[in-house]
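Every number in this text was worked out from the coordinates using simple rules, so none of it is lab data. In this text the structure is predicted, and so the values were computed from the model without any measurement. As a convention, Cβ positions derive from the backbone with ideal geometry for all residues, glycine included, and neighbour counts pool all protein chains shown.
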Amino acid sequence: MMTAAPLAAKIKQSVSEDVAQLKRDSGISPKLVAFLIGTDPVSRTYVDLKKTDCAEVGILSEVRDVSSSTYSSADVIAAIKDVNGDSGVHAVIPQMPFNGKVSEEELFSTLSPDKDADGLTPFRLGKLVRSEYSLENSLLPCTPKGIALLCKYYNVPIEGSDVVIVGRSTLVGEPLRKLLQDMNATVTCCHTRTNNLSERLKTADVIVAASGRPPEMFGESGFRLKSSMVKEGCAVISVGVRRDPSSGKMLFDVEISSLKGKCAYLTPNTGGVGVMTRACLLQNTVIAAKFSRNS
Ligand code: NAP
């Protein structure tokens with residue numbers, strides 16, 4: 001099982017040391033601002049967790065709640081410009097999804113790339129596409145970065161492997177495709193229009209399941225990876241998760257119980273990619289704070 005705890009602890013230890021050093025040597029106290037934009041109830045939980053994580057490693061944090069209807073799209077953009085110009089704020093994460101409150105394109109074009117804690121501004125994504133980054137020291141999207149680091153940590157054989165990612169979003173699938181390709185895998189991003197998904201899954205060496213469409217909620221258009229769908233000895237990374245609004249249950253892309261005996265590498269549904277995503281946000285915050293020292 002590729003549990004994230006040991007690697008996340010190492011990352012947090014190194015972040016704590018960097019935070020202390022930045023304070024001591026440059027008088028900089030790294031600060032992250034999380035924007036609560038959409039009204040999705042789990043977004044509140046996620047931004048609260050980010051505050052707790054920051055406190056653990058000595059990073060200052062603040063949640064700016066612009067989710068109520070009193071805030072217009074223009075107000076949200078003005079708030080982003082405000083943090084861009086605030087030298088006491090080093091990193092910013094607009095919590096997704098925005099639920100139509102503000103255009104993603106406008107927001108990420110407004111956010112300063114130097115404060116882009118989730119690596120989603122056009123500048124940061126452009127650096128990724130051009131392979132102008134380092135996995136440890138650049139502002140890369142947190143979830144794909146966390147997955148790549150976890151694969152390295154557990155020595156998942158990525159080079160030369162056939163990787164199938166279920167999902168092609170800008171947040172997860174597409175940046176991960178590029179990171180794993182740069183680790184010399186041959187990567188296919190699959191989606192709702194992919195032909196023969198089941199055949200592609202059967203031959204994949206590594207599968208990343210990031211659909212977020214549990215069959216319990218989406219019926220036939222839903223996705224769940226089970227043992228019968230994969231080849232013996234493959235690696236499976238579980239990303240997709242959605243809370244069922246009627247039962248409150250968390251529903252995952254991956255059926256861990258059946259895959260356990262068949263996979264050579266498997267991330268748990270909880271204590272895997274989510275933990276890495278949170279650790280990478282802390283790492284990105286310190287990277288951004290170091291930019292401010294140099295500017
Ligand atoms: P998204 O924007 O909704 O993208 C989902 C992708 O999955 C789309 O590309 C979609 O195809 C594809 N897809 C959906 N159903 C499919 C099916 N039945 N067969 C094949 N492809 C299918 O979501 P996202 O932002 O990428 O996030 C994906 C999931 O990961 C969500 O559950 C999210 O909560 C979770 N997540 C977890 C973490 C974590 O830290 N654990 C972090 C980020 C995201 P189309 O493009 O054709 O629509």
**Request:** Mind computing the radius of gyration and Dmax over the alpha-carbon atoms of the chain? Å is fine for both.
**Result:** 19.0, 57
**Message:** Tell me the relative contact order for region 151-241 as a rounded percent, counting alpha carbon contacts under 8 Å between residues six or more apart.
**Reply:** 29
**Item:** Length-normalised contact order of the chain in % [C-alpha pairs under 8 Å, at least 6 apart]
**Value:** 21
**Anchor Lys115: aspartates and glutamates whose Cα lies under 15 Å away (excluding residues fewer than 8 positions away in-chain)** = Glu62, Asp82, Asp86
**Request:** Specify which residue in the list Ile165, Leu150, Leu179 is farthest towards the positive end of the charge dipole of region 149-210, using unit charges on the beta carbon of Lys, Arg (+1) and Asp, Glu (-1), about the Cα centre.
**Result:** Ile165
**Request:** Once you've got the Cα coordinates, tell me which of Lys51/Lys127; Lys127/Lys178; Lys31/Lys81; Lys12/Lys249; Lys51/Lys249; Lys12/Lys81 are over 19 Å apart.
**Result:** Lys51/Lys127; Lys12/Lys249; Lys51/Lys249; Lys12/Lys81
**Request:** Go through region 159-175 residue by residue and turn each phi into a ³J(HN,Hα) via Karplus (6.51, -1.76, 1.60, θ = phi - 60°); whole Hz please, and just put x for glycine and proline.
**Result:** 4, x, 7, 9, 10, 10, 9, 8, x, 9, 6, 6, 7, 10, x, 5, x
**Message:** Quick check: convex hull over the Cα atoms of region 27-115, volume per residue in Å³, rounded to an integer?
**Reply:** 82
**Prompt:** So what is the calculated 222 nm ellipticity per residue for the chain, using -39500 (n - 2.57) for each DSSP H run with n of 4 or more, over all residues, to the nearest 500 deg cm²/dmol?
**Reply:** -13000 deg cm²/dmol
**Message:** Under the rule of at least 5 residues apart or a separate chain, name every residue whose amide H is placed under 5 Å from the amide H of Cys234.
**Reply:** Ala264
**Complete:** Scaled by the rule-of-thumb 2.2 N^0.38 Å, the alpha carbon Rg for region 142-273 gives a ratio of 0.97
**Message:** Quick query: amide H of Ala204 versus all other amide H atoms, modeled in the peptide plane; which residues come in under 5 Å with a sequence gap of 5 or more or a different chain?
**Reply:** Lys231
